[in-house]
1. If we count other beta carbons within 10 Å of each Cβ, what is the order of THR171, THR17, fewest first?
2. Just add up the charged neighbours of THR140: K/R +1, D/E -1, any other residue whose Cβ is under 15 Å from the Cβ of THR140.
3. If I stretch the segment between GLU250 and LYS73 completely, what's the gain in nm (0.36 nm per residue apart, minus their alpha carbon distance), one decimal?
4. Taking amide H positions as placed 1.01 Å from N in the peptide plane, with prolines and chain starts having none, which residues 5 or more places from LYS56, or on another chain, fall under 5 Å of its amide H?
5. Just how many % of Cα pairs in region 2-100 lie over 19 Å apart, if you round to the nearest whole percent?
6. Arrange ILE25, ILE195, ILE5 by Cβ neighbour counts within 10 Å, fewest through most, would you?
7. Which whole-Hz couplings ³J(HN,Hα) result when phi for each residue of region 49-56 is put into the Karplus expression 6.51 cos²θ - 1.76 cosθ + 1.60, θ = phi - 60°, listed in order with x for Gly and Pro?
8. Grab the beta carbon distance between GLU198 and HIS232, set R0 = 22 Å, and tell me the FRET efficiency rounded to 0.05.
Amino acid sequence: MKVTIDGHEIEVEPGTTILQAARMIGGESVPPAMCYYSKLEDTGGKCRACLVEVSKGSEADPRPMPKLMASCKTGVMDGMEVKSISSDRVLEARKAVTEFLLINHPLDCPVCDQAGECDLQNLSFQHGISQKRFKEDKRTFEPENIGDNIQLHMNRCILCYRCVKVAEQLTDDRVHGVCGRGDHAQISTYISNAIDNEFSGNMIDVCPVGALTDKTFRFKSRVWFNKPYNAHRNCTKCSGKVTLWMFGEEIQRVTARKDEFHEVEEFICNQCRFDHKEPTDWVIEGPRKFEKFSVINQNNYTRKLDKVVIKTEEHILEGREQDRIKISMKNIPYTEHESKE
């Protein structure tokens, strides 16, 4: 079957969704996705961030679909024509969806460990508005301890259900889920159980916001101050292929490797994620490549022959010192000589 998205035609297999076809094309035509996750079954259809306009239904029935469609749940038909970034209706709808997602989301970016690799930050930058119109009090939840390794910030949650799907499909003993209904819905454990199954750490990697973060990395460093390296080790529970986030010779955190759509390539076990924080525990393969527009690349990388190469540690240390000066608001003496200039 053939489908055209923003003027780009591609041939796909039956059963392919519009979002999957757009990802095959790549570029700006790929709709954002806050709840869909290709590595997990039965995801998508909740956030509405991936809405697209179907201007031609199919070759057999060329009538356009009257409403915008969720690309993660809409299958491709032969001859279908879709508008993503080229449609003003779609851009306005994504702007509205972004505004709705931010209504109850706290402005925690300066202190959130997810800052710099947050899908909601990216969505807000691409489709958000500069000022909010919602003046009422935000919905808030009481802090809840869900274990020794994972920090839950329910106030930041957008109810994408990804963490629930991870627990359902990777473990046999899911102890958390969405409790409550409507405005009272929240991620919680049943009867105050701790989340401690062997693959629970993957909940951190699939979370699109800072609702679930790594306690061992809490307030240690900003992600753009760390150097990501591909590494592996022999592990009997998972593939052992990870990304090490290092500052100097110290491993700040360990995550699963992610693809260009910020999705985990291979899920890893908690032992690899939390228990092996020494460089000698790993075989380091080399620097991890990221898209050039990522904030993680800021001051850490340089472009050379279309490859991303890590700069020296000196640049990161210099950037940290500049940030300390800005944060401390250091007073600079104002001399008579400077005033004359």
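1. Result, fewest neighbours first: THR171, THR17.
2. Counting the neighbours of THR140, the net charge comes to -3.
3. Full-extension gain reported as 59.4 nm.
4. Sorted by chain and number, the residues that satisfy this are MET65, GLU81.
5. That fraction is 35 percent.
6. By the 10 Å Cβ count, ascending, the order reads ILE25, ILE195, ILE5.
7. Whole-Hz 3J(HN,Hα) from phi for region 49-56: 6, 9, 4, 9, 9, 9, 7, 9.
8. For GLU198 and HIS232, the calculated efficiency is 0.75.
Every number in this text was worked out from the coordinates using simple rules, so none of it is lab data. Small disclaimer: the values here were computed from a predicted structure and weren't measured. We place every Cβ from the backbone using ideal geometry, glycine too, and count neighbours over all the protein chains shown.
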